[in-house]
Amino acid sequence: MRSGLLAGQDVDRPDGLADDVVDDTVERAVRAFQQRRGLLADGVVGPQTARALDAARWTLGDRFLLLTPGREMRGDDVAELQERLVGLGLLRDPVDGRFGIGTEAALRDFQRGVGLPVDGRCGAETLGALETLAGVTGARARDAGDPLALRQHAELAGAGGSLSGRVLVLDPAHGGDDPGATAEGLTEADVVHDLARRTALRLGRAGVVARLTRGREECPTDAERASTAARAGADVVLSLHCDSHPCPAASGIATFFWGDARLGSRSPLGHRLAALVQEELLARTGMVDCRTHPRTFEILRLTRMPAVRVELGYLSNPGDAARLREQGFRDIVADALVAAVRQLYRDARPGLPERIG
């Protein structure tokens, strides 16, 4: 109801959602909401969908926004505030709808610049000043390009074209008691952990400091995986997955980067890296191209560095599973991932970033 996808439906009836018609309607509405928010459109209100539904309650001006340690304020209103701060060139972080330290610092800079009390809180006075500058912000954004893209490109160019000294975190999905997708004698958790280890060895030979987010028997949450990347000072994160589908004909490779089409926000370097990973994997494996997509998956949203989620084939597809079982094929995949990261840094040149999409 709060998202406008169940308009006209009486979801507050005493008998709840008992009949099949309403159940089907609710599931379709959930799927539509998930698709619009860049989530897995499975019709199930899991933790990520529940957080997104809660965020959708708020528009900028509905409440007083401030940093609350231990209990971050989250919502579409925070995302809209971040969008405006990015447009002013004050916020360095991606727009993720979380009122954290970076957002507060950017808001303080804004308040200082317009002569307001510098308290890091977004109330009526600060919001009024932002509204006044809204037109100017839009004009600046059109004239100067995407501020986040420009900044990320400058940072990448400053790192030089070499991989040596870079820190790359490899995130093999699932693990421990969670095997992920399965095939006969094959689990997603084992496949991607092995692929992560092979990739880490190759990166190490190139002078990269490579870290894994988990051991073979561990299954950290996405927040814990993102924290591992932050503590490691990662320059790049690659999250490795395999897929599964009830239809055994489904097959191929897809890559995902952080992006919220609803807000018009994305990670420019994440987008570029996803495109390079997809290109290298397809060229070396000849597998089906399931393309590159923006998504709001937690591992992409919670990381501050460029991050890409890679779906390396369907274990539910006999052909994909057979290839993922082969040691030689896994070496090819690891080589492709290293080549993509290497190309990301080779592409770094002074000047404007390449526009993608």
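The values are calculated or read from the model by the stated rules, or taken from the named source; none is laboratory data. Model, not experiment: these values are computed from the prediction. Cβ: placed from backbone, ideal geometry, glycine included. Neighbour counts: every protein chain shown.
Of all the numbered requirements in (1) under 14 Å from Arg225 (Cα atoms); (2) modelled with pLDDT of 95 or more, Ile299 misses one, and that requirement is (2).
When the range 297-325 is filtered for residues that are within 20 Å of Leu238 (Cα to Cα) and touching a Phe, Trp or Tyr at 6+ places or on another chain (Cβ under 7 Å), the ones remaining, listed by number, are Phe297, Leu300, Arg301, Ala307, Val308, Arg309. Applying the condition of being outside any strand (DSSP E or B), out of contact with any Leu (no Cβ under 8 Å at 6 or more places or on another chain) and among the hydroxyl-bearing types (Ser, Thr, Tyr) to the range 286-345 and asking which residue is surrounded by the fewest Cβ atoms within 10 Å (Cβ to Cβ) yields Ser316.
Okay, residues lined up against (1) acidic (Asp, Glu); (2) part of a loop (DSSP other than H, G, I, E, B); (3) crowded, with 19+ Cβ neighbours inside 10 Å:
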site: Ala223; (1), (2), (3): no, no, no
site: Ala234; (1), (2), (3): no, yes, yes
site: Leu240; (1), (2), (3): no, no, yes
site: Pro248; (1), (2), (3): no, yes, no
site: Arg272; (1), (2), (3): no, no, yes
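When Arg197, Arg211, Arg202 are screened for being out of contact with any Gly (no Cβ under 8 Å at 6 or more places or on another chain), over 18 Å from Leu315 (Cβ atoms) and either not in a helix (DSSP H, G or I) or not assigned by TED's automatic domain parsing to the domain that holds Val338 (or both), only Arg211 passes. All of Arg57, Arg84 fail the test of being closer than 21 Å to Asp260 by Cα, touching a residue at least 24 places away in the same chain (Cβ under 8 Å), of a type outside the set (Asp, Glu) and not in a helix (DSSP H, G or I), apart from Arg57.
Any residue at all in the range 254-262 that is of a type in the set (Ser, Thr, Tyr), in a helix (DSSP H, G or I) and either touching a Ser or Thr at 6+ places or on another chain (Cβ under 9 Å) or without any contact (Cβ under 8 Å) to a residue 12 or more places away in the chain (or both)? Looking for residues that are of a type in the set (Ser, Thr, Tyr), in a helix (DSSP H, G or I) and either touching a Ser or Thr at 6+ places or on another chain (Cβ under 9 Å) or without any contact (Cβ under 8 Å) to a residue 12 or more places away in the chain (or both), one finds none in the range 254-262, hence no. Would you be able to tell me the number of residues in the range 52-78 that are under 18 Å from Asp93 (Cβ atoms) and surrounded by 14 or more Cβ atoms within 10 Å (Cβ to Cβ)? Residues in the range 52-78 being under 18 Å from Asp93 (Cβ atoms) and surrounded by 14 or more Cβ atoms within 10 Å (Cβ to Cβ): 12 in total. Scanning the range 88-116 for residues that are assigned to a helix (DSSP H, G or I), under 26 Å from the mean Cα position of the chain (by Cα) and not β-branched (Val, Ile, Thr) turns up Gly102, Glu104, Ala105, Ala106, Leu107.
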